[in-house]
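So the structure is just underneath, and the comments pick up after that.
The values are calculated or read from the model by the stated rules, or taken from the named source; none is laboratory data. Computed from a predicted model, the values in this text were never measured in an experiment. So basically every Cβ, Gly included, is an ideal-geometry build from the backbone, and we count neighbours across all protein chains shown. Surface accessibility is based on the protein's heavy atoms, side chains included, excluding ligands, DNA and RNA. Shrake-Rupley method; radii C 1.70, N 1.55, O 1.52, S 1.80 Å.
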Amino acid sequence: MGYSFPDGTNISPELERHIRQLHAVVGNAVTEGRFIVFGAGSTQLLNAAVHALSPDVPSTSSTAGGGGGVAAGVVATAPFYPIYELQTEYFASVDFQYQGDTSLWIAGGNSSKTIIEFVTSPNNPDGKLNEAVLKGPNFKAIYDRAYYWPHFTPIPAADDGELKIFTLSKLTGHAGSRFGWAIVKDEDVYNKMLMHMQLNTMGVSRDTQLRALKLLKTIMAEGGGRTIFDFGYQTMKSRWEKLRKVVSVSKRFSLQDVSSHYCVFSGRVRESSPAYGWLKCEREEESDCYGVLKAAGIIGRGGSVFYATDRNVRLSLIKTRDDFDLLVDKLQKLVSAEQDEEEGGGDGNGIEQHVANVTEYQPLRRRM
């Protein structure tokens with residue numbers, strides 16, 4: 001097995017064709033006249049995109065400017081997926097540097113400076129259909145579309161933007177296969193991303209590409225590509241409704257509001273069915289919501305992980321059925337204890353502490 005395919009590239013033409021077919025069925029991205037780049041999940045592509053959108057700054061130049069150019073600034077709007085900052089800082093370059101929240105640049109900032117904005121839509125952690133905040137010739141957006149599939153959100157329209165990134169992990173659940181793809185409008189940006197991938201890993205493993213192709217062929221063979229999304233939507237809708245029902249009777253906790261849109265895939269107006277519950281502790285004294293939930297055997301991700309307040313915690317709805325059922329059960333006990341307190345029938349400590357915890361992976365980042 002060689003490094004490349006018969007056409008001399010590291011990208012399987014057959015897999016690329018199936019990706020284009022899938023997007024045509026779902027209606028979530030324009031692929032005609034666009035270029036496609038493969039990566040090891042979306043994570044590798046995020047940095048490739050930042051590299052490709054940044055100006056070339058000679059290594060002798062200061063990253064603050066002078067002489068040969070000005071490094072691009074990389075920003076995102078809180079709450080956001082922490083890898084955007086962590087990865088940008090880890091792969092420090094004279095061409096780009098992380099520069100904080102998008103709000104710092106709304107007034108315009110340096111008019112000659114390139115600003116690259118990460119836009120997660122639907123957002124991780126709160127599921128909102130975000131749009132780029134910054135507009136203008138020097139503002140460039142990378143749309144992270146990991147969750148832009150019908151089981152998580154209505155699809156209002158096909159994304160026709162300059163650069164968007166998708167991943168197999170949120171499409172089929174095969175996160176460990178490490179496969180993602182970027183859809184790119186500009187050929188120069190595409191070529192820069194290809195070169196980045198070539199120098200980084202010589203492309204994506206052909207074994208990984210074969211696995212992804214098998215999965216997409218299976219998806220397309222069942223109901224013309226619609227069956228997996230109908231099943232996924234019903235599952236996520238049911239989980240979201242169960243979680244929301246439990247929290248709706250509580251004054252101690254609240255969940256994010258979700259929006260309704262016309263969905264081009266389903267042909268009707270429907271609500272989002274988000275991958276995560278963005279839970280908030282409403283009591284003034286409970287500023288560490290992560291700690292409150294952990295004491296009850298529920299472990300999510302604290303708000304500060306996403307550069308938000310620690311009154312929020314992200315709870316995953318995309319775990320196994322058993323994990324989700326445990327999550328709902330433990331939340332129900334918390335809410336029942338709250339109601340007992342209000343009725344004077346208990347001290348709020350009536351929580352069974354010996355039930356197995358609902359656990360969720362914690363990123364390598366200090367909680368603040």
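Observations, loosely collected:
- Residues that are in contact with a helix residue (DSSP H, G or I) (Cβ under 7 Å, 6 or more places away or on another chain) and assigned to a strand (DSSP E or B), drawn from region 183-199: V184
- Residue in region 17-30 that is modelled with pLDDT of 95 or more, farther than 20 Å from F166 by Cα and open to solvent by 10 Å² or more (accessible area, probe 1.4 Å) present: no
- Taking the criterion of being at pLDDT below 95 and surrounded by fewer than 19 Cβ atoms within 10 Å (Cβ to Cβ), the residues of region 1-16 that qualify are M1, G2, Y3, S4, F5, P6, D7, G8, T9.
- A24 of a type in the set (A, V, I, L, M), within 21 Å of D186 (Cα to Cα) and outside any strand (DSSP E or B): yes
- Of everything in region 135-158 that is hydrophobic (A, V, I, L, M, F, W, C) and open to solvent by less than 20 Å² (accessible area, probe 1.4 Å), the residue that is nearest to W240 (Cα to Cα) is F152.
- When restricted to residues that are open to solvent by 40 Å² or more (accessible area, probe 1.4 Å) and either within 16 Å of S205 (Cα to Cα) or assigned to a loop (DSSP other than H, G, I, E, B) (or both), region 159-182 contains 7.
- Any hit, region 66-76, residues being on the phi < 0 side of the Ramachandran plot, assigned to a loop (DSSP other than H, G, I, E, B) and at pLDDT 95 or above: no
- Residues of region 105-158 that turn out to be within 19 Å of G277 (Cα to Cα) and in a loop (DSSP other than H, G, I, E, B), as a count: 20
- Residues within region 257-310 that are closer than 23 Å to D323 by Cα and among the basic types (K, R), tallied: 3
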